[in-house]
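Working notes, beginning with the structure itself.
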Amino acid sequence: MIKTCSKCGAEFDLLSGKPGFATVCPSCTQNPEETARRAAVRERERKAWIKATKDTERGREKEIQDDEWLAILGLVKVPSSNRFTVSVPMESDSRPRKAS
Ligand SMILES: [Zn+2]
């Protein structure tokens, strides 16, 4: 009889007459501390992954917003340095002129 472990989610063959919980696989029955530790690690990884995903999305949105604002302000991001520089408008009026 194949059952799915309620602790680790692994499928296991439930042997009738064996001691242990009917919904917990033998390895979990034998080593509940290890299973709890693994479950905690998995949960932490899952939460970290969710957080990382959210941070990435938020960061991307913020970056787009920043870029838009920078464009409005006439600033240009320098990709390699992660700093900002002023883009000088190339208009004839702002160009230095030679005294004639
Ligand atoms: Zn298990």
In whole Hz, the Karplus estimates of ³J(HN,Hα) for the stretch 23-28 (6.51, -1.76, 1.60; θ = phi - 60°; x where Gly or Pro) are 10, 10, 5, x, 5, 6
Within a Cβ distance under 14 Å of Arg58, other residues only, what is the Lys/Arg minus Asp/Glu net charge? -1
If the reach is capped at under 13 angstrom between alpha carbons, list the aspartates and glutamates near Lys3, excluding any in the same chain fewer than eight residues apart. Glu11, Asp13
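Quick note: the coordinates plus some simple rules give every number you see, no bench work behind them. Please read these numbers as outputs of a predicted model, since none were measured by experiment. Glycine also receives a Cβ, built like all others from the backbone with ideal geometry; neighbour counts cover every protein chain displayed.
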